[in-house]
1. Anything over 19 Å Cα to Cα? Flag those among LYS208/LYS571; LYS378/LYS548; LYS221/LYS403; LYS457/LYS548; LYS457/LYS512, in the order listed.
2. Does segment 330-371 come out rounded, prolate or oblate, given a ≥ b ≥ c as the square roots of the eigenvalues of its C-alpha gyration tensor, rounded meaning a/c under 1.5 and, failing that, prolate meaning a/b above b/c?
3. Taking a ≥ b ≥ c as the square roots of the eigenvalues of the Cα gyration tensor of segment 270-354, is the shape rounded (a/c under 1.5), prolate (a/b larger than b/c) or oblate?
4. Once you keep just the Cα pairs under 8 angstrom separated by 6 or more residues, what percentage relative contact order results for segment 261-373?
5. Solvent-accessible area per residue for segment 223-366 at a 1.4 Å probe radius, Å²?
6. Collect residues whose amide H, placed 1.01 Å from N in the peptide plane, falls under 5 Å from the amide H of GLU482; neighbours closer than 5 in sequence don't count.
7. Using modelled backbone amide H atoms (1.01 Å from N, in-plane), which distant-in-sequence or interchain residues come within less than 5 Å of HIS344's amide H?
8. Residue by residue, what Karplus-based ³J(HN,Hα) values in Hz, rounded to whole numbers, does segment 560-573 have, using 6.51, -1.76 and 1.60 with θ = phi - 60° and x for Gly and Pro?
Amino acid sequence: MKKHPLHFQIVHQIEKRRWVLMVVLVAAIHLFFQTLMFPYGTALHSLLPGHNNSSYYTQMSISDTLQDDHIQEHILEFVDEDSETKQELVSVELSDDLENGVSINSNSSNEEQVKPEIVKVVVSAVNSFNESGVNTSRNVLQEQILPINEKYTLFQSDGIKKMRCLMPPKSVMYIDQMERLLARNRRSSRAMRPRWYSPRDQDILASKEQITKAPSRITDKELYAPVFRNISMFKRSYELMERTLKVYVYKDGDKPIFHQPILKGLYASEGWFMKLMESNKRFVVKDPRKAHLYYMPFSARMLEHTLYVRNSHNRTNLRQFLKIYAEKIASKYPFWNRTGGADHFLVACHDWAPYETRHHMEHCIKALCNADVTTGFKIGRDVSLPECYVRSARNPHRDLGGKPASERNILAFYAGNIHGYLRKILLEYWNKDTDMKIFGPMPPGVASKMNYIEHMKSSKFCICPKGYEVNSPRVVEAIFYECVPVIISDNFVPPFFEVLNWDSFSVIIPEKDIPELKNILQQMSDEKYKELQYGVRRVQRHFLWNVKDVKYDLFHMILHSIWYNRVFQVKPR
């Protein structure tokens, strides 16, 4: 009778050890797979309590959008039922916050005090927006106070569904932090090493050596050196592109999504590039084995126009369409598989393009208007595509130019639809200031459009705030009308960031500094303003579409940035 308790104890101890061993094994497997998924040191944090805290992750809602046919802009709508589109976690290396340039927002802080007027303005902005037609209950949105210097007043939704575009970003990357991230990515490429050798890789590696060793110069006869980061490297790279670069354009795909460029309106950039690329004789080759880069000529705007079901709030079929296309390219041709798509590129200006090309085109070079570092834009690999509103396909230069600096009597100008959270704040502060011409949407009609253009031609500074997305056509419009652009859009990578020095022809202001906007502009000396305005006039040629491509124009600048980023990302076999 006494043997049974002893036997039971032995069995109990064995079972206990087995459970402990099982727990340790499960934890080890979990840690291993987390390490594979998050190679930036967050695997261990995921095992700890509170790992969902924003100190470890920045959570972004991947939302759907509704299109407005009249203004050709989009509002990010509620999330899909598909769990993949409900949210996306972006891991952040805590020890490298400064190097990566990401400021992580915590839920509370006692280090700084928040200006109460900011809270009041943002609350008023969202409530006003709700009154104007968005079916969101006021008692659902509650303000959450965060330090003003690096964070925002956010709104925390108690419901499952929420709109990301009506809330400030949870993490912010400022322009100086982007500079450091670009430099770091130039030093170390994360591109895939080719699976087999190609002489084209040697061409690019030889070009890289020549670019990095380009003789230093301060001035140039053709170009205005101050608007470039390094005029010597740009000139050498451009010359090598003209001499070396060959592009293969895939013939696969049917119209209207493929091979049908749109040359007017808000998304004209992707159309003009497609038109000029497919008809180009200098760069395009018929034999794909001779190509250094491969272009996938689809229109993100036509994809939305053709396949999106109105009011469905579901873009899964658009993403699936491009996934099937990429798989077809990979199965039909060997070139995609050699590099994992790293030598392939796309040009897309529609706001949905980052979502549509996610995962299956993740390693490609993406030229995107929606160049938002919090939604997957990779500085040093991807290209920030200028968003251009082209009014005339026959004459894209119509109304080009503006008054000289001495005749611009308006300090700052903005007029436009009140999209997103930021423009509401801008108007709350400055639409009653007599020195600042800050308006909402102007009335429809030709006279109103000409009045808008005249204001841009007569203003010293043109305010370019973000809307629902980080990009705005006003940046290029300001350059078009020789007005110094004032970019107010956190996390936005300015066009051609890898080669242009935006400090020489623009003003970039953090969103948190909107209350100081007038002081910032007024404190600028006349000499400094004239330098900026002269920089705008000299850089203008690089932001113009031409019916027939011209050296250093917008077509060549886009292609060069794609080439330039590939040069610094390629790895030898």
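The values are calculated or read from the model by the stated rules, or taken from the named source; none is laboratory data. Just so it is clear, the structure is predicted and the values come from calculations on it, not from any experiment. Accessible surface is based on the protein model in full, side chains and every heavy atom, while ligands, DNA and RNA are left aside. Shrake-Rupley method; radii C 1.70, N 1.55, O 1.52, S 1.80 Å.
1. Values: LYS208/LYS571 11 Å; LYS378/LYS548 31 Å; LYS221/LYS403 25 Å; LYS457/LYS548 26 Å; LYS457/LYS512 28 Å.
Correct reply: LYS378/LYS548; LYS221/LYS403; LYS457/LYS548; LYS457/LYS512.
2. Values: a/c = 2.69, a/b = 2.25, b/c = 1.20.
Prolate shape, in that a/c is at least 1.5 and a/b is the bigger ratio.
3. Numbers: a/c = 2.83, a/b = 1.53, b/c = 1.85.
Oblate is the answer for segment 270-354, as a/c is 1.5 or above yet b/c matches or exceeds a/b.
4. Details: 126 pairs, mean separation 29.8, N = 113.
Over segment 261-373, the number comes to 26 percent.
5. Details: 5270 Å² over 144 residues.
That works out to 37 Å² for each residue.
6. Residues meeting the amide H criterion: GLY401.
7. Placed amide hydrogens put TYR294, ILE365 under 5 Å from HIS344.
8. 5, 5, 5, 4, 4, 5, 5, 4, 8, 10, 5, 10, x, 5
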